[in-house]
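Written below as structure tokens is the structure these notes are about.
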Amino acid sequence: MFQSGAWLITDASGSPTVLKWSPDQAWAHQIERAARAVAVARRHGYPTPAWLAAGWTRAGHGYQVQELAPGQPTPELTTEVVGAMIELVERQRDVDPDPDRSWSTYLVDQLEHSWVSTTAAVRGSGPAGEALVDACSALLAPFDLPALPSADLVHGDLRLGNVLFHRGRVSAVVDIEALGSGTRVFDHATLLDHEHADEQAVHLLVDAACEVAGPAVLAFSLAHVVLDLARFVHRRQLPADAPSAARRVRSLTTRTQLVRQLLS
């Protein structure tokens, strides 16, 4: 919701709903495609709001209208929160909402064909970026790229800002337009990049991911996630934001080093 428009509106009966749209016209096709995958996820009991409508504006922008879900995001990945998140990710097992949109295929492609350009871009962001690339290289050193599972639901951006809690439980998963199939370990890895996380919560997430598909899948997923986030942070920052951006990248390095220790 932070990168696209979102408005609270009412339907014909006066019930509140949420309108979302993307300024990126190239994303319109994915929004329309995601409507079908969301329906599959909901049939499997995944707690994401129903989409009431989806389509294109005359100007070519994709939009969707969804039910309004109760709850608020939580800012910290505590042991209590991580338990709920691990349970949530387990609900993605074998859901396979869009086999032709595979996050596992995407991840392998990025690692095999874009690793050099990605690491060069992150190194070029400064000393913090160089340290992160070194940490990722050390994380991956013990492993060969494995075959990645492909039959789970993958949210693709499963961060705490996209999960609503109500009365201590997960009430809804939102910003799900990028969902596809793949290995749910990708979503474990995305949760691991959360800046404010208890060390015990990190331990629990690592254990859960390794139980699903082993340490190598987690290592390659995490390396991609943190480098992609670091590149995004650098690309979007304004000059005044440089200190906070560097601080965020340093936090990713610390987290990557901790995961490496846990996997060794």
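Observations
- Shown in residue order for the range 190-205 are the 3J(HN,Hα) couplings computed by the Karplus curve 6.51 cos²θ - 1.76 cosθ + 1.60 at θ = phi - 60°: 5, 5, 5, 8, 5, 5, 9, 9, 5, 4, 5, 5, 4, 4, 5, 5 Hz (x for Gly and Pro).
- Tensor-based shape of the range 12-125 (alpha-carbon gyration tensor, a/c under 1.5 rounded, otherwise prolate or oblate): oblate
- Whole-Hz Karplus values for the range 27-32 come out as 8, 4, 4, 5, 4, 5 Hz, taken residue by residue from phi with 6.51 cos²θ - 1.76 cosθ + 1.60 and θ = phi - 60°; glycine and proline positions read x.
- On Cα atoms only, tilt of 127-140 relative to the major axis of the chain in degrees: 80
- Rounded to the nearest Hz, the phi-derived 3J(HN,Hα) couplings of the range 76-90 under the Karplus curve 6.51 cos²θ - 1.76 cosθ + 1.60 (θ = phi - 60°) are 10, 8, 8, 4, 5, 5, 5, x, 5, 6, 5, 4, 4, 5, 5, where x marks glycine and proline.
- Computed [θ] at 222 nm, helices only, for the chain once each DSSP H run of length n ≥ 4 contributes -39500 (n - 2.57): -16000 deg cm²/dmol
- From the C-alpha gyration tensor of the range 161-264, square roots of 5λ in Å: 22, 19, 14
- Remark on the range 5-67: hydrodynamic radius 12.2 angstrom, per the Kirkwood mean of 1/r across alpha carbon pairs.
- Gaussian network model of the chain, Cα within-10 Å springs - most flexible of Leu158, Leu205, Leu52: Leu52
- Dividing the Cα radius of gyration of the chain by 2.2 N^0.38 Å, with N the residue count, gives 1.00.
- Between the range 197-225 and the range 177-194, the Cα center-to-center distance that results, in Å: 11
A short reminder: the numbers here are calculations on the coordinates, not readings from a lab. Since this is a predicted model, take the numbers as computed values, not measurements.
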